[in-house]
1. Taking only region 82-100 into account, find how many residues are over 13 Å from the mean Cα position of the chain (by Cα) and at pLDDT below 95.
2. Output the qualifying pairs, or none if there are none: Cβ atoms under 7 angstrom, residues six or more apart or on different chains, first residue in region 174-186 and surrounded by 13 or more Cβ atoms within 10 Å (Cβ to Cβ), second residue part of a loop (DSSP other than H, G, I, E, B).
3. Being under 15 Å from residue 163 (Cα atoms) and surrounded by 14 or more Cβ atoms within 10 Å (Cβ to Cβ) narrows it down to one residue among 70, 93, 62; which is it?
4. For region 70-180, which helices (runs of 4 or more DSSP H) that fit wholly inside it have 1 or more residues that are among the polar types (S, T, N, Q) and in contact with a strand residue (DSSP E or B) (Cβ under 7 Å, 6 or more places away or on another chain)?
5. It is to be established whether one or more residues within region 108-118 are in contact with a Gly (Cβ under 7 Å, 6 or more places away or on another chain), free of Cβ contacts under 8 Å to residues at least 60 places away in the same chain, surrounded by 18 or more Cβ atoms within 10 Å (Cβ to Cβ) and farther than 26 Å from residue 8 by Cβ.
6. What pairs can you find where one residue is in region 77-98 and within 12 Å of residue 67 (Cα to Cα), the other is hydroxyl-bearing (Ser, Thr, Tyr), and their Cβ atoms are less than 6 Å apart, with a gap of 6+ or different chains?
Amino acid sequence: MRIAPAQPDDVAKLLAFREEAAGWLTRKGSDQWQRPYPADRLLATIRCGTVFMVLDGDATVATITLTPEAEEGLWTERELGEPSMFINKLTVARTHAGRNLGGRLLDWAGDRAYRAGAQWLRLDAWTTNEALQRYYLQQGFEHVRTVREGGAVNGGPRVSGWLAQRRTAPTEHGFEDLTPTPATLPTQ
């Protein structure tokens with residue numbers, strides 16, 4: 001399997017991929033990802049070079065976003081002063097579930113973040129998705145805190161505020177990595 005940067009013409013494929021994941025989450029009883037993701041926001045992150053896809057032959061089987069930018073209102077000033085990279089939108093196709101593809105992607109992200117000079121790989125997960133939270137804990141992340149207020153709409157409840165982190169480290173993830181060398185994070 002190969003990992004490569006997503007391209008602008010991958011938007012429709014990635015939106016369909018997310019819809020598949022949202023349907024699966026609904027069947028599991030989760031309210032996660034029930035609103036469609038805006039295509040223009042996805043295209044902007046692709047153009048920033050922060051969206052990556054795992055390919056098995058010609059099929060896209062997983063995706064992850066890895067960025068040095070934290071979502072506003074989640075992390076403290078002290079935490080933001082620590083060299084970190086943030087993951088979100090980690091999704092694995094149901095056809096490839098149960099093969100530790102998500103774990104390998106987290107290892108890839110931790111390795112890439114390490115090579116960029118980050119100390120921490122951080123994420124925010126859906127506050128009501130306890131199964132997802134347990135998954136991240138099993139992958140070596142430590143729960144930092146849960147932010148419940150300050151959502152994007154009128155400062156209301158935040159739906160994705162379960163914060164976790166793990167140290168970055170070089171790892172053997174097993175992907176053929178077709179991504180460019182990561183840019184070094186600026187020092188604070």
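1. Residues flagged as over 13 Å from the mean Cα position of the chain (by Cα) and at pLDDT below 95 within region 82-100 amount to 8.
2. Every condition considered, the pairs that remain are 175/1; 182/116; 185/68; 185/83; 185/116; 185/117; 185/118.
3. Step by step, each of 70, 93, 62 is checked, and only 70 is under 15 Å from residue 163 (Cα atoms) and surrounded by 14 or more Cβ atoms within 10 Å (Cβ to Cβ).
4. 130-138
5. No, every residue in region 108-118 fails to be in contact with a Gly (Cβ under 7 Å, 6 or more places away or on another chain), free of Cβ contacts under 8 Å to residues at least 60 places away in the same chain, surrounded by 18 or more Cβ atoms within 10 Å (Cβ to Cβ) and farther than 26 Å from residue 8 by Cβ.
6. Pairs found: 86/67; 88/65; 89/65.
The values are calculated or read from the model by the stated rules, or taken from the named source; none is laboratory data. Since the structure is predicted, the reported quantities are computational estimates derived from the model, not experimental observations. Every residue, glycine as well, gets a Cβ built from its backbone with ideal geometry; the counts of neighbours run over all protein chains shown.
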